[in-house]
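The values are calculated or read from the model by the stated rules, or taken from the named source; none is laboratory data. This structure is a prediction, so every number in the text was calculated from the model and none was measured. We place every Cβ from the backbone using ideal geometry, glycine too, and count neighbours over all the protein chains shown. Just the protein is used for accessible areas: all its heavy atoms, side chains included, with ligands, DNA and RNA removed. Shrake-Rupley method; radii C 1.70, N 1.55, O 1.52, S 1.80 Å.
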Amino acid sequence: EQDTSPIDLVTRRYPGIAILKPFNTCAQICVYCQRNWEIDDVMDPRAKASLEKLERALAWFDEHPGVTEVLVTGGDPCVMKNSSLRYILQALSEKEHIRRIRLGTRTPVVMPMRWTEDLAELLGEFHEPPKREIALVTHFMHPYEITPEAMQAVQRVKKQGISVYNQQVFTMDN
């Protein structure tokens, strides 16, 4: 990703899609993660990008109107406080050219209790089809991970009209 990072916190490999990485830690560091080498400690309190760095990254999107889709990942952005997540979603939503915001997260699997009604409603506030879509991209790796609590978390999001996708990494032992 270093070769495709035009500015700190942003990766751009495709013309119309960019990655924003505001939070460089997760609730679980997965062996298959392409960024696990960047993460020092699970839930490191220093993992959140500074406001100055985040503002520069968000301003980069203003200069690149060809980017219509943003994947907010990291680490896991859904580990951040609702207020921090709201700040990012609000800033991205104010950019008219951004039509789709995806959140990459494993929290429905490892922290389903994080998915409160408040969090689901927060995402729903920014989901305005056809102007802008919010989508959740989960990382369920095995059917055993689909617990009743995880399903309840996903259902809270789907009740907001938000699409939920799963990105499964194929490994030798799956």
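General observations
This table checks each residue for (1) polar (S, T, N, Q); (2) touching a Cys at 6+ places or on another chain (Cβ under 8 Å); (3) under 21 Å from I19 (Cβ atoms); (4) surrounded by 14 or more Cβ atoms within 10 Å (Cβ to Cβ).
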site	(1), (2), (3), (4)
L85	no, yes, yes, yes
R100	no, no, yes, yes
P112	no, no, no, yes
P129	no, no, no, no
T138	yes, no, yes, yes
P143	no, no, no, no
P148	no, no, no, no
K159	no, no, no, no
I162	no, no, yes, yes
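- Of the residues L71, L119, L123, the single one that is under 18 Å from E55 (Cα atoms) and of a type outside the set (D, E) is L71.
- Options E121, E96, E125: the member that is in a loop (DSSP other than H, G, I, E, B) and open to solvent by 50 Å² or more (accessible area, probe 1.4 Å): E96
- Checking V79, V72 one by one, the residue that is within 16 Å of G16 (Cα to Cα) and open to solvent by less than 30 Å² (accessible area, probe 1.4 Å) is V72 and no other.
- Conditions (1) under 20 Å from I88 (Cα atoms); (2) open to solvent by less than 20 Å² (accessible area, probe 1.4 Å); (3) modelled with pLDDT under 95; number of the one not met by A18: (3)
- Just one of (1) at pLDDT 95 or above; (2) farther than 24 Å from R114 by Cβ fails for W37. It is (1).
- Contact map, the stretch 150-165: residues that are of a type in the set (A, V, I, L, M, F, W, C) paired with residues that are open to solvent by 80 Å² or more (accessible area, probe 1.4 Å), Cβ distance under 7 Å, separation 6+ or inter-chain. Pairs shown: V164/K158.
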